[in-house]
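Working notes, beginning with the structure itself.
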Amino acid sequence: MTKIEWFLMDQIEKRKALFAFLVSLFFFTSGLNAQSRQPPPVIERVEPSTVRPGMRAELVGRHFRQDQRVLLNGIELPALSFMPNRVLVSIPESASTGKVQIKLPDGSAVEGPELIVLSPTPAPIITEITPTSGGAGTEVRIRGDGFSPRLVENRVTINRVPLLVRSATPTELVVVIPENASTGHIVVQVANAGEATSSQPFVVNQGLFISSVEPIQIAPGMRLVVRGGGFRQNMTKVLLNNINLPITSISESEIAAEVPRGARSGRITVEVEGQGRASSSQSVEVVAMPVVTSMEPREGTPGTLVRLLGSGFGNDIRRIRATIGSTPLIVRGVSEGEVQVEIPENASSGVISLMVGGVGPVNSPQAFEVLKPLSIDGFEPSSGPPGTVVTLRGSGFGSNPSQHRVTLQGVECPIVSVEANALRVRVPEANSGPFVVMRENANTFTTKQAFVVTRTLTIQRIEPTQGPVGTVVRILGSGFGNQSALVQVTLEDLRMEIRSLSDTEIQAVIPVGARSGRIRVNVRLQGTAVAPADFTVTSDFAATSVEPASAYGEQVLSIRGYGLDAEGIVVIFTGTRFPARVTYSSPNLLRVVVPEEAQSGPIALRLPNGRSVFTPTWTRLEGKAPIGVSEVVWNCAKRRCIGKIRGWGFGTRPSHQQVRLGDAPLRVLKATPTELEVALPSSGRGSITVTRGDQVAESPEVIEINQGGGRP
């Protein structure tokens with residue numbers, strides 16, 4: 001920089017300094033002029049006129065200036081705010097009664113009215129707050145001393161958040177916790193007296209509210225759960241339609257209460273002392289509690305259908321929930337008084353519980369015992385005579401013998417003993433076959449293996465002992481059984497056809513080519529029995545017996561023998577000229593009607609070639625038979641057969657006589673002395689027999705009824 005530039009810069013700076021001095025001088029002289037022109041301040045009054053240290057006072061007047069000082073007995077009163085006609089000052093601790101004075105910067109002073117300063121007010125004291133916790137809206141009582149009875153002179157805060165003061169006395173303040181409050185110490189500031197802080201913090205809980213109620217359908221005696229927040233121990237009430245519910249447990253977020261008798265449907269209300277009340281958004285419906293009075297059965301295997309009887313179940317199967325222990329059951333049906341459930345495979349024994357539309361649970365009176373399914377692995381011995389004790393081994397047996405039933409070919413086996421894995425039975429008089437084992441309320445099991453009932457075969461006699469080829473021989477004895485596939489009858493090693501079989505009788509036919517000899521009966525796995533006498537194969541025509549040995553006229557006689565179905569055979573009774581009426585003929589049987597003129601003696605059977613044979617002598621009874629059958633007619637239509645039996649000596653009521661077709665009993669529909677109306681089977685064959693007291697009458701004809709047909 002050159003000397004000229006330095007010179008110019010120096011001149012500029014000097015001129016700036018001179019300008020600043022002239023401006024300052026201008027403002028200073030202007031202020032002196034203005035001050036000399038402004039009127040002095042005037043103090044008209046002081047509000048209030050009586051104060052205590054720490055309070056505030058206001059000077060009211062005019063021409064107040066910002067550069068003035070306010071004094072009281074030489075003690076400056078700090079100015080808090082300034083206006084030309086009002087000045088707000090605070091009263092310091094050292095202040096005393098005197099006249100208020102305003103002192104100006106020039107040393108002049110203006111004096112005002114007297115301000116009385118009382119002795120300082122003692123600071124407030126907090127001794128107790130009740131309660132010590134709560135949510136928004138909670139009323140808190142602050143007990144202590146030194147509070148102002150004027151609400152506005154008490155300022156209460158928690159974490160600098162003001163609390164609403166509802167009431168005030170020198171010893172107690174009642175305040176309300178606001179929405180935005182948080183946990184902290186409560187501070188009380190009393191105007192002109194200082195402040196006090198609580199010794200313990202006030203815990204601000206979450207506000208009182210209800211989030212859910214379960215269940216919404218309930219019965220008296222059930223447990224109701226209310227969830228939400230702001231609940232407090234010993235300070236909470238739960239109401240249902242204004243009825244108080246006994247509380248069984250409570251926490252800050254959950255209440256359990258019991259619904260008493262007499263409760264009615266409505267909303268749930270929770271009241272917390274000092275915190276207000278909250279109501280549920282949904283109504284709770286109070287319904288009658290379902291009742292289970294009995295259960296049938298009380299035990300069973302998986303798959304068993306159990307009936308729970310009682311009331312209050314409704315008829316909607318979707319509302320029913322059933323469990324045994326923790327296992328759900330299958331609901332199969334429901335009515336107002338009954339629920340049917342099925343026991344599933346994975347169930348264990350226990351009480352059955354029901355819920356109906358969320359109401360409950362209600363329990364069965366007893367536990368249901370889930371039984372293990374019955375199963376038989378085998379038995380021993382595998383054969384034996386009646387009376388043999390057989391041990392069946394397996395699982396699923398009960399401890400009570402009366403709960404079990406074992407049959408062999410339909411005949412019940414007496415139970416000897418029962419254990420967890422074994423059942424002992426005595427073999428009855430029955431035929432060979434598998435055992436069928438049943439347990440009460442459980443399943444039925446049939447053994448795969450058959451038990452062979454062994455017997456001592458016996459043949460007591462045969463009837464007749466002689467006859468031609470085709471003769472039907474009755475073999476009487478025991479141990480034959482009833483399974484024709486196991487039985488073989490022979491005459492001197494020639495097999496005979498079996499017509500009928502029972503355990504005590506076999507009817508077999510003398511075969512073509514047979515010769516006289518012993519008849520043998522062989523039952524597989526049982527042995528062989530031999531007839532006590534030979535059967536003599538005779539010629540093809542003979543009469544061996546008459547039944548009955550004595551008879552009235554018009555009665556029916558049975559003539560037995562062989563070859564009796566020969567063509568053209570006639571029957572002549574002693575004392576008659578004409579042949580008797582033959583109503584039935586077979587190789588071994590003729591049925592004839594006794595003529596009225598017949599006399600006692602043998603009966604002649606005559607062939608067309610002149611050959612005759614005679615029966616043993618029979619006796620003619622005098623008079624007429626007390627009861628007799630002369631004719632039988634019948635008709636079958638619409639799957640129903642009605643027969644009419646005509647004769648004499650019948651009772652006038654259906655119950656006065658018994659009627660049979662062969663061995664089958666018939667039902668008597670109507671009765672007169674000369675006619676009976678009976679219900680016949682749709683098929684059958686045999687003679688009609690009417691029995692009244694000790695009198696028996698037999699139809700002259702053997703009738704045969706065919707399915708769906710009328711009289712042949």
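If residue 196 meets every condition in (1) loosely packed, with under 14 Cβ neighbours inside 10 Å; (2) touching a residue at least 40 places away in the same chain (Cβ under 8 Å); (3) more than 60 Å from the chain's Cα centre (by Cα) apart from one, which number is that one?
Looking at each condition in turn, residue 196 falls short on (1).
Please determine whether any residue of segment 30-44 is of a type in the set (A, V, I, L, M, F, W, C) and either surrounded by 13 or more Cβ atoms within 10 Å (Cβ to Cβ) or part of a strand (DSSP E or B) (or both).
Checked against the condition, which is being of a type in the set (A, V, I, L, M, F, W, C) and either surrounded by 13 or more Cβ atoms within 10 Å (Cβ to Cβ) or part of a strand (DSSP E or B) (or both), segment 30-44 yields at least one hit.
Table: residues versus (1) modelled with pLDDT of 90 or more; (2) among the charged types (D, E, K, R); (3) surrounded by 15 or more Cβ atoms within 10 Å (Cβ to Cβ); (4) not assigned by TED's automatic domain parsing to the domain that holds residue 236.
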position	(1), (2), (3), (4)
256	yes, no, yes, no
269	yes, no, yes, no
299	no, yes, yes, yes
305	yes, no, no, yes
314	no, no, yes, yes
320	yes, no, yes, yes
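Give the residue, chosen from 140, 190, 175, 165, that is over 30 Å from residue 98 (Cβ atoms), touching a helix residue (DSSP H, G or I) at 6+ places or on another chain (Cβ under 7 Å) and surrounded by 15 or more Cβ atoms within 10 Å (Cβ to Cβ).
Among 140, 190, 175, 165, only 165 is over 30 Å from residue 98 (Cβ atoms), touching a helix residue (DSSP H, G or I) at 6+ places or on another chain (Cβ under 7 Å) and surrounded by 15 or more Cβ atoms within 10 Å (Cβ to Cβ).
So for segment 567-579 (the condition being in contact with a Phe, Trp or Tyr (Cβ under 8 Å, 6 or more places away or on another chain) and part of a loop (DSSP other than H, G, I, E, B)), does at least one residue qualify?
Scanning segment 567-579, I find no residue that is in contact with a Phe, Trp or Tyr (Cβ under 8 Å, 6 or more places away or on another chain) and part of a loop (DSSP other than H, G, I, E, B), so the answer is no.
Would you mind finding the one in 294, 280, 251 that is among the hydroxyl-bearing types (Ser, Thr, Tyr), in contact (Cβ under 8 Å) with a residue 40 or more places away in the chain and closer than 30 Å to residue 235 by Cα?
Every option except 280 fails the conditions.
Given the conditions (1) modelled with pLDDT under 90; (2) out of contact with any Phe, Trp or Tyr (no Cβ under 7 Å at 6 or more places or on another chain); (3) surrounded by fewer than 16 Cβ atoms within 10 Å (Cβ to Cβ), which single one is not true for residue 420?
Residue 420 satisfies all of (1) modelled with pLDDT under 90; (2) out of contact with any Phe, Trp or Tyr (no Cβ under 7 Å at 6 or more places or on another chain); (3) surrounded by fewer than 16 Cβ atoms within 10 Å (Cβ to Cβ) except (2).
Collect the residues in segment 441-485 that are part of a loop (DSSP other than H, G, I, E, B) and closer than 15 Å to residue 519 by Cα, keeping them in residue-number order.
Answer for segment 441-485, where residues must be part of a loop (DSSP other than H, G, I, E, B) and closer than 15 Å to residue 519 by Cα: 457, 464, 465, 468, 469, 470, 471, 480.
Within segment 519-542, is even one residue more than 25 Å from residue 386 (Cβ to Cβ), among the acidic types (Asp, Glu) and modelled with pLDDT of 90 or more?
yes
So the check is Cβ under 6 Å with 6+ separation or different chains; which pairs have a first residue in segment 106-130 that's without any contact (Cβ under 8 Å) to a residue 24 or more places away in the chain and farther than 24 Å from residue 96 by Cβ and a second one that's among the small types (Gly, Ala, Ser) and not in a loop (DSSP other than H, G, I, E, B)?
So the pair list comes out as 127/144.
Can you name every residue in segment 348-397 that is assigned to a strand (DSSP E or B) and of a type in the set (Phe, Trp, Tyr)?
Selection gives 368, 379.
Restricting to segment 58-115, give me the number of residues that are within 23 Å of residue 191 (Cβ to Cβ), part of a loop (DSSP other than H, G, I, E, B) and not hydroxyl-bearing (Ser, Thr, Tyr).
Within segment 58-115, residues that are within 23 Å of residue 191 (Cβ to Cβ), part of a loop (DSSP other than H, G, I, E, B) and not hydroxyl-bearing (Ser, Thr, Tyr) number 6.
Mind checking which residues of segment 178-206 are under 27 Å from residue 237 (Cβ atoms), at pLDDT 85 or above and assigned to a strand (DSSP E or B)?
If the condition is that a residue be under 27 Å from residue 237 (Cβ atoms), at pLDDT 85 or above and assigned to a strand (DSSP E or B), then 186, 202, 203 are the ones that fit.
Take segment 532-552 and flag every residue that is closer than 23 Å to residue 698 by Cβ and part of a loop (DSSP other than H, G, I, E, B).
Once the filter is applied, which keeps residues that are closer than 23 Å to residue 698 by Cβ and part of a loop (DSSP other than H, G, I, E, B), segment 532-552 yields 548, 549.
I'd like to verify a number: residues in segment 498-530 that are surrounded by 17 or more Cβ atoms within 10 Å (Cβ to Cβ) and either outside the structural domain of residue 476 (by TED's automatic domain parsing) or assigned to a strand (DSSP E or B) (or both), how many?
11
Within segment 182-217, work out how many residues are closer than 28 Å to residue 54 by Cα and among the acidic types (Asp, Glu).
1
For segment 135-144, indicate whether the set of residues that are at pLDDT below 90 and over 60 Å from the mean Cα position of the chain (by Cα) is non-empty.
Looking through segment 135-144, none of the residues is at pLDDT below 90 and over 60 Å from the mean Cα position of the chain (by Cα).
Tell me, which residue of segment 562-603 that is surrounded by fewer than 17 Cβ atoms within 10 Å (Cβ to Cβ) and under 12 Å from residue 543 (Cα atoms) is modelled with the lowest pLDDT?
Here the residue is 565.
Quick one: in segment 313-347, which of the residues that are part of a helix (DSSP H, G or I) and touching a strand residue (DSSP E or B) at 6+ places or on another chain (Cβ under 8 Å) is farthest from residue 215 (Cα to Cα)?
Across segment 313-347, the extreme among qualifying residues is 317.
Restricting the first residue to segment 338-360 and requiring it to be β-branched (Val, Ile, Thr), which pairs with a second residue that is crowded, with 16+ Cβ neighbours inside 10 Å and in a loop (DSSP other than H, G, I, E, B) meet a Cβ separation below 6 Å and a spacing of at least six or different chains?
Here the result reads 339/313; 341/329; 343/304; 356/290; 356/313; 359/219; 359/287, each pair linking segment 338-360 to a residue that is crowded, with 16+ Cβ neighbours inside 10 Å and in a loop (DSSP other than H, G, I, E, B).
Across segment 466-475, what is the total count of residues that are modelled with pLDDT of 90 or more and not charged (D, E, K, R)?
Counting residues in segment 466-475 that are modelled with pLDDT of 90 or more and not charged (D, E, K, R) gives 3.
Quick check, is residue 334 touching a helix residue (DSSP H, G or I) at 6+ places or on another chain (Cβ under 7 Å), in the same structural domain as residue 310 (by TED's automatic domain parsing) and under 21 Å from residue 288 (Cβ atoms)?
Yes; evaluated as a whole, the condition is true for this residue.
Please go through segment 221-241 and pick out each residue that is surrounded by 22 or more Cβ atoms within 10 Å (Cβ to Cβ) and under 10 Å from residue 252 (Cβ atoms).
230, 231
Just to be sure before I move on: is residue 350 surrounded by 14 or more Cβ atoms within 10 Å (Cβ to Cβ), within 30 Å of residue 215 (Cα to Cα) and modelled with pLDDT under 90 in the structure I sent?
When the stated conditions are applied, residue 350 does not pass them.
What number goes with the only condition from (1) within 22 Å of residue 193 (Cα to Cα); (2) hydrophobic (A, V, I, L, M, F, W, C); (3) at pLDDT 90 or above that residue 123 does not pass?
Looking at each condition in turn, residue 123 falls short on (3).
From the list 397, 445, 435, exactly one residue is farther than 30 Å from residue 480 by Cα, crowded, with 17+ Cβ neighbours inside 10 Å and either among the polar types (S, T, N, Q) or not assigned by TED's automatic domain parsing to the domain that holds residue 298 (or both). Which is it?
Being farther than 30 Å from residue 480 by Cα, crowded, with 17+ Cβ neighbours inside 10 Å and either among the polar types (S, T, N, Q) or not assigned by TED's automatic domain parsing to the domain that holds residue 298 (or both) holds for just one of 397, 445, 435, which is 397.
The values are calculated or read from the model by the stated rules, or taken from the named source; none is laboratory data. From a predicted model like this one, the values you see are computed outputs, not experimental measurements. Neighbour counts run over all protein chains shown; Cβ positions are idealised from the backbone, glycine included.
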